[in-house]
Structures are given as structure tokens and as C-alpha cells.
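First comes the structure, then the notes that go with it.
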Amino acid sequence: MPPSSTVEAPLRASTTAARPSASAAETTAPYTLPDLVCFAHLHWDFVWQRPQHLLSRFAEHGRVFYVEDAFYHADDLIEPHIEIKERQNGLKVVVAHLPQRLRQDEAAADQAQFEILSQFFNEQGLTNYVFWYYTPMALGKSRHFQPVLTVYDCMDELAAFKFAPPELKKRELELFQKADLVFTGGQTLYEAKREQHADAHAFPSSIDKAHFGQARGPLAEPADQAGIAHPRIGFFGVVDERLDIELLRALSQQHPEWQFVIIGPVVKIDPATLPRTPNVHYLGGKDYKELPSYLKGWDVATLLFADNESTKFISPTKTPEYLAAGNPVVSTPIRDVVRPYGDLNLVQIADNATDFGKAIEKALTQRTDADWRQRTDAYLATISWDQTWQAMVDLMQQRLAAKTPDAATTTAASAPRVETKVSDVTLPSAS
């Protein structure tokens, strides 16, 4: 049976998928890199976060291919094939479609993806390329390719997440062996990964200040939030095992005078476990461009993270986003929030419901604190996704130049084509 078309393929992305602000980068410096192929565990159209911030910037300057996890059909009526979806700045989202029979056979599924990706590389003229990984699990379908540079952007300790594959840690060790550069999504994660790779660099969560700064100006109140009374205590993000459900429950019960606004999709946990008191409002996932209008209507923003293995290494992007919107912030003691935001007295830290409630009471008065606002803005002026992206580019160019003098400036069109035989499949190589 012929491969299914894009129209026939089932819809997988959230209907409230995030989108970028008008410009992906505030300021950019000219650069030349090979094509970039990213292997990710996150759907591009799910929530706009670190991968989208960075790769949309790369796509402004060259070809970027974002390879998602395979989509398995419910039957065996299709043959393995690739679907391409074009996104911001010409970035191409690449999705392998596989028949149901391969779902329980990882080796066969990886081989099938390797074969169709090899064909896709040939069709696209991908001969000189960088591999950029967000998940070590992608090695199964990609380890036999020969990129000129391999980057592991380790944004989370995935092995600590709910339903993590048991072999993830072993795959990560293999990726450390292959990677030329390792970037981490926070300082705490860096302190763990630098022991495993000699060329690791910390790139904590950053900020699109212009986008979230819109919350400080005139914006219309979203209809589904307009009827909620004040004071409003807000949280946005994926609602999963990292959310401290019991803290939210206790706060809502102890402070019925406050309205808790929760924005984000519920994944990996049973929605029935969430507190359902009248003053907790679940508004679902929202588009990235809509977030400033919701933030503008909050009185305090929170990071309601639990103290568990899944939060030990996180560096929440929402911390500077909340602050850029002008919102006072209260957080549980997540290490990468305590350092630097708590230490600088920009964010209040509390580890139990009683103290968290007291911190919110204090935060409700902070909007009139000119000193807090000045210190917050001074710190935010030192970070941006543009700066993070440019520092990454500089490191990549340095490593490419060290490998071969022409590697950083060779284009895909002029790169030599070498054929390598792996598992009876011929693929391009740029080594």
C-alpha cells in the first residue's frame, strides 16, 4: 500500500501549540555552519521552549531539520516513510511513519528509520551536516551517519522523568562518547554532566524579553481569564509529575481568597488527581504568543515544583519569563532558581505550604517595590536567547575549525561525497 499522505496522517500536535514572537532573534551575527539535523523527543508543535528558541535562530541562517520520534500507525497498511512539515524560518520537521508491527521491535524500527532517513539525506543533498541531540534514544536510528560535528544539548535529566526508557542512561554514555560538545540546560545539570564529558558548557534557561515584556503594556484580557477574581496566583507550563499537586491543594484550601490560574497541558498524570477546589482554574494549553496577555492579569506568578528526582536538575525557563512580564515570583527551592534568583532576592523561595502562602502575601506587595523592579531588570539585561545562541555558535565554529580548517565554511554543495556501507544501506558521509 502506498505511504499515507500528510492529510491522512493523524493529528498529533496540541491544538494550542506554541508559536514564536514576531522575530526569532533580537540581533544576530553572521555565521556559516553546515546543515543542522536535530534529533528530539519533543514535538515541535507542542510547547514553545528551549529547542524552538534555539533552532528557529539557526534556521534564520541555514537549513535545519528537526527529527521527531516516529509516529506508529494503528495498523500495518503503510510502509515506512517520512512526512515533512515546514515551520518557522523554513525549518523542516521530519516525522517517520511506521507500521504497528514495528512498535514492539525497537531494533527493526530503528533500522527502518535509518533506511528512510538515509534516503531522505540523499534526496536533500545532506552531505555536510551537524547532528544536534536532545535525546540519546535517537542514537538507535542515527549512530551510523557521519556528521562533521555532534552536539548534545542536554536540557533535562531525562532518565529521572516518568516513563523514561530503562536503557536511556546507557545510550547517554554512548552519546557522550560521540559528542564533540555538550551543552546543559542549567548550572546544576552542568555540574553533573561535566564529570562525564570534557567539553561541557552550561547554558541555563534564557529569555525573549521583548515578547514577555509585552505584559507590562496594554493588552486585552483573555476571555477565559477575565471572569476570574483577584488576587490571581498563576502558573504556566506542562502539568506533569514535576508539579507539586499537594502544595497546590494545600494552598487553595488554606487561602480561598486567592484564585489559582493553571495554564498548560496535562500529561503523564491522571487529571483526576489534581485539586478541584472552586478557586483553582485549569485553562489548558495556550499559544506562546498568548502568554503575555495571561501573565499581565496575574498578581503573583509561581513555580509550584515538587521535590523529586524529575526536578533535581531542572532550570525553569519560566523564571525569567515571569520576571520579564513584571510579575513577582514565588518558587519552591529548585536549585537553579535559588541560584541565582533566590540568592539575588529577585524570587522568593519557600518549601512548604505555610511558608509559600506567606511568601505570596509578601509578593502581592512587590509590584510597588521600585528597588526590586530595578534589580530584576538589571539582571534580565544580562541574558537573552540571542546571547545563548551566539555563544553556542562560537563554540561550534571553534570545534569545526579545529577538526578541519575548512569545515566551518564548507557548504553542503561543495562538500565531498563519500559512500559508506552500513547494514546494506548506502548513505552520504561528510567526514
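The values are calculated or read from the model by the stated rules, or taken from the named source; none is laboratory data. What you see is a predicted model, and the numbers here were worked out from it, not measured in a lab. We place every Cβ from the backbone using ideal geometry, glycine too, and count neighbours over all the protein chains shown. Note: areas computed on protein heavy atoms with side chains; ligands, DNA, RNA excluded. Shrake-Rupley method; radii C 1.70, N 1.55, O 1.52, S 1.80 Å.
Here are some notes:
- Which of V148, V47 is most accessible, then next, and so on - probe 1.4 Å: V47, V148
- Cross-link reach list, aspartates and glutamates versus K289, counting only Cα pairs under 12 Å and skipping chain neighbours closer than eight places: D208
- Modelled label positions at T277 and H201, each set 7 Å beyond Cα in the direction of Cβ, lie 4.6 nm from each other.
- Amide H contacts of K286 (H built 1.01 Å from N, under 5 Å, at least 5 apart or other chain): G264
- Seen from L102, the other residues with C-beta closer than 10 Å to its C-beta sum to a net charge of -2, counting Lys and Arg as +1 and Asp and Glu as -1.
- Where the Cα pairs of the range 328-376 fall when distances are cut into 5 Å bins, in %: 5, 23, 30, 25, 14, 3
- Label-point gap, in nm, between K358 and I269 - each point 7 angstrom along Cα→Cβ: 2.6
- Each Lys and Arg contributes +1 and each Asp and Glu -1, all at the Cβ; summed about the Cα centre of the range 74-166, the dipole is approximately 180 debye.
- The GluC sites (Glu not before Pro) of the range 147-238 that DSSP puts in a loop, and whose beta carbon has at most 16 other beta carbons within 10 Å, are E167, E195.
- Residues listed by number, the range 191-216, amide nitrogen under 19 Å from L173 label point at 7 Å toward C-beta: 192-199
- Candidates per chymotrypsin sites (Phe, Trp or Tyr not before Pro) in the range 79-186, loop by DSSP, up to 10 other Cβ within 10 Å: F163
- Summed side-chain charge close to H53 - residues other than H53 whose Cβ falls under 10 Å, Lys, Arg +1, Asp, Glu -1: 0
- Projecting the Cα atoms of I233, L251, S310 onto the dipole axis of the range 189-323, where Lys and Arg carry +1 and Asp and Glu carry -1 at the beta carbon, places I233 farthest toward the positive end.
- Its Cα centre serving as origin, the range 223-345 has a Cβ charge dipole (Lys and Arg +1, Asp and Glu -1) of approximately 140 debye.
- Across K92/K209; K286/K312; K170/K403; K178/K312; K169/K358; K178/K286, pairs whose alpha-carbon gap is larger than 32 Å: K169/K358; K178/K286
- Extension gain, D394 back to K85 (0.36 nm per residue minus Cα-Cα distance, nm): 108.3 nm
- Computed E for R339/E221 - FRET, C-beta separation, R0 41 angstrom, nearest 0.05: 0.70
- Rolling a 1.4 Å probe over the protein heavy atoms gives the range 75-122 an accessible area of 44 Å² per residue.
- For the range 150-276, averaging the sequence separation of C-alpha pairs within contact (under 8 Å, six or more residues apart) and dividing by the residue count gives a relative contact order of 19 percent.
- Solvent-accessible area per residue, Å², over the range 227-320 with all protein chains present [probe radius 1.4 Å]: 35
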